[in-house]
1. Among [x] 1.29; [y] 0.94; [z] 0.96, find the value of Rg/Rh (Cα atoms, Kirkwood Rh) that was calculated from the structure presented, and write down its label.
2. Could you do me a favour and compute the accessible area per residue for the chain, 1.4 Å probe, result in Å²?
3. Just to verify a number: what accessible area does GLU150 come out at with the full protein assembly present, 1.4 Å probe, Å² rounded to tens?
4. Any idea how many Lys pairs in the chain come in under 24 angstrom at the alpha carbon, given 8 or more places apart or on separate chains?
5. I want to check the label-to-label distance for GLU17 and ALA76. Put each point 7 Å from Cα in the C-beta direction and report it in nm to one decimal.
6. Using alpha-carbon pairs under 8 Å, 6+ residues apart, how would you state the relative contact order of the chain in percent?
7. Would you mind telling me the share, in percent, of accessible area of region 1-106 contributed by carbon and sulfur at probe 1.4 angstrom?
8. Once you put a point 7 Å from the Cα of GLU45 and another 7 Å from the Cα of ARG59, both along the Cβ direction, what distance in nm separates them?
Amino acid sequence: MERRRAVVLAGHYREVEGLSIAQIADRLGRSPATIKAYFYDPTGEKARAVKARYQGVCRGCGAYTQPRNGKGDAYAYCKACHPGAIERRWTRDRVIGAMLEWRARYGQLPSSYDWSRTHARRRGGEALGRLAKGEWPAASVVTRLFGTWEDARAVAAQPTRAMQTRDLASASSLDLHP
């Protein structure tokens, strides 16, 4: 509806008032290129046809995929199906296990600052060393899975969870520390 209205106004300004494209663009608050497109393609059908030629079809599910660098170069898979997208690397249990391993190594549960690469770089030294000595999820992953760091730390601090996962953490630490 917005485009139709703008096309009608642009046509009126050009035919009745005799304004130039730059003057019409100024009145409508659009760029001159947009006004030219209104005259060339009033319905927008030509532009939609061009965009459709750049889309692809997902090999996994058949959904449309995003265009990349030109016609015939769309992604082979949609965002949900691309290899590696189906299985998430960090689950709630794996994050809790990593938190318990951190506590076993450093005496306390990690904070968001401990697992933030940006903060570790700013603090340098020991913080960078701790982050490099293990496989830790990004701080944003913890927030995505638990909502808040406080909630994640509360789950990790539960005695039954800690006792169940402590055996796993100590067994995995045998593999991680030659």
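The values are calculated or read from the model by the stated rules, or taken from the named source; none is laboratory data. Just so we're clear, the structure is a prediction, and the values are computed from it rather than from any experiment. With ideal geometry, Cβ positions are generated from the backbone for all residues, glycine too; neighbour counts draw on all protein chains shown. Accessible surface areas use protein heavy atoms only, side chains included; no ligands, DNA or RNA. Shrake-Rupley method; radii C 1.70, N 1.55, O 1.52, S 1.80 Å.
1. Label of the calculated value: [x].
2. That works out to 68 Å² per residue.
3. 140 Å²
4. Count of close lysine pairs: 7.
5. Roughly 5.4 nm, to one decimal.
6. Worked out over the chain, it gives 13 percent.
7. Looking at region 1-106 in its full context, I get 52 percent from C and S.
8. So the two model labels end up 3.6 nm from each other.
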